[in-house]
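Notes to accompany the following structure.
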Amino acid sequence: MTDVVFIGPSLPIDEVGRLLPDAVVLPPVAHGDLLRLDVVAGDRVLVIDGFFLQHPPVRHREILDLLDSGVTVAGAASMGALRAAELWSFGMRGVGEVFQLYRDGVVTGDDEVAVVHGPAEEGHRTLSEPLVNIRVQLRRAVAAGVLDDAEAALLLDAARELPFRRRSYRALERTAPPELAALVDRFVTWHRQDPWDAKGADARLLLSMAADDAPELCPAHAGDQPIDNLHTRFLDSWRSRFAGQSTGGHWVSDREAAAVLMLLHPEEPAWHRRVVLAGLAGVDIADPAAEERAYEVARERGLATVLPSEHDWLTDRERGLDDREAVLRVLVRAFGTTPHRSLALWMVAAPLRTPALLAAARQVAATAASLNETVVPRATGHRRPGSRLHFRTEVVDACFAALWGCDTDGLEAAAWDRGFVDLMAFRYAAEPLVAYVKAFGAPRLPEVAHPAPEDTLAGSAARVG
């Protein structure tokens, strides 16, 4: 079993190692981080801290995806407590007082757990006090007889008025109105004698419970609310963007690997055609009669009645095709392109998604990324850190038209035949590969292990000519 802990300002990293040895410790969680994890059913992901402003926060659907796969997800203290309170009914486990405050509706604002903190190199050192810590300390002060309920409510309101970046006990002293000065002094003096870090305490509790295999941290089960409608185009898009592997010193996402295979593998158009037509025909892609059956289905459903000269899916140079071939091309382009702007591996024909081909595609993408880092504008001879030169649209089009053996007027049809819905989607995927193609030409990607489909249209050049 693997334990993954997302931690930041709530607890020092060395305490994680002391409380839960052998855990994989990662920085505060952000959108996409859960999709990068190499975890399986039976593993545990413990979310304590997460980003709010510096990066987009972790999405609920990312957590539900892990729960649906049998991974235990538990939260406490900060972002973990917040997400657990929102998803506890679906099987995310919550621990500690902060979680209970959110779950019971006592606390509703995200800002109550927000803090300003230093960089990772400084251990995410906290530079402000979270409001939830002040709230819990006020409760403790009431229990200790230092304050009554009305006085605690007044001080909570005063602390809430402070922007979360400026919240601290010292700021509360400096900004309190004169009529509250004595009250604040009494509370803060007591606090300094008996300090309490609610978030830190909850984080330690979660890690200790994990170390003891506490039954409260059980996986999602039948007693939890079912997770319905999980797999949407949003989740697919996030997964293709964030999931992937490290290759050649670069993180290569599934989206980038898919782009390489769809754009640069010479067998992709033929296999794409076979997959689409076999799907429409309701037969296996190995069936040699797949194209004929697809044409019959099109005729039966009235999809073969439009003349080639009248169809927008065909180029001017394709108007002279015989009716059967024109219909098949229209079917591939009408039903084989996706409206999603984000590529995903499922868009690649299944025979091209072998481990060897995916590994080769990731290597091409990593090499392309390295090349892009070296490209600088001619006019200035330098670039800003973290940026790179992007190729103009006409350069992208000319590069791939030459690669595919077609003219630029037929480029959109060639892109359709590889699954891209339009030129915008094609250019978005193709631009990062231009430097590679200019430097090395077409990569030598492994061939598909079994015979390619009968190549009525072996490549994009034939399809647009």
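Below is a table of values for the structure above.
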{"item": "Any hit, region 103-111, residues being touching a residue at least 60 places away in the same chain (Cβ under 8 Å) and not β-branched (Val, Ile, Thr)", "result": "no"}
{"item": "Top-ranked residue in region 103-120 [being more than 21 Å from His55 (Cα to Cα) and in contact with a Lys or Arg (Cβ under 9 Å, 6 or more places away or on another chain); ranked as most open to solvent (accessible area, probe 1.4 Å)]", "result": "Val106"}
{"item": "Within region 392-445, helices (runs of 4 or more DSSP H) holding 2 or more residues that are farther than 18 Å from Glu268 by Cα", "result": "393-404, 423-430, 434-440"}
{"item": "Count of region 26-41 residues which are open to solvent by 40 Å² or more (accessible area, probe 1.4 Å) and not charged (D, E, K, R)", "result": "4"}
{"item": "Region 177-224, residues that are of a type in the set (Gly, Ala, Ser), under 21 Å from Leu127 (Cα atoms) and open to solvent by 20 Å² or more (accessible area, probe 1.4 Å)", "result": "Ala201"}
{"item": "Region 69-90, subset in contact with a Gly (Cβ under 9 Å, 6 or more places away or on another chain) and closer than 16 Å to Ile227 by Cβ, residue surrounded by the fewest Cβ atoms within 10 Å (Cβ to Cβ)", "result": "Gly70"}
{"item": "Hey, Arg170 assigned to a helix (DSSP H, G or I), open to solvent by 20 Å² or more (accessible area, probe 1.4 Å) and within 14 Å of Ala198 (Cα to Cα) or not", "result": "no"}
{"item": "Filtered residue count, region 323-362, keeping only those that are touching a strand residue (DSSP E or B) at 6+ places or on another chain (Cβ under 9 Å), among the small types (Gly, Ala, Ser), open to solvent by less than 50 Å² (accessible area, probe 1.4 Å) and assigned to a helix (DSSP H, G or I)", "result": "1"}
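The values are calculated or read from the model by the stated rules, or taken from the named source; none is laboratory data. Values in this document were obtained by computation on a predicted structure and should not be read as measured data. Ideal geometry is used to build each Cβ from the backbone, glycine not excepted, and the neighbour counts take in all protein chains shown. Ligands, DNA and RNA are excluded from the accessible area calculation, which covers all protein heavy atoms including side chains. Shrake-Rupley method; radii C 1.70, N 1.55, O 1.52, S 1.80 Å.
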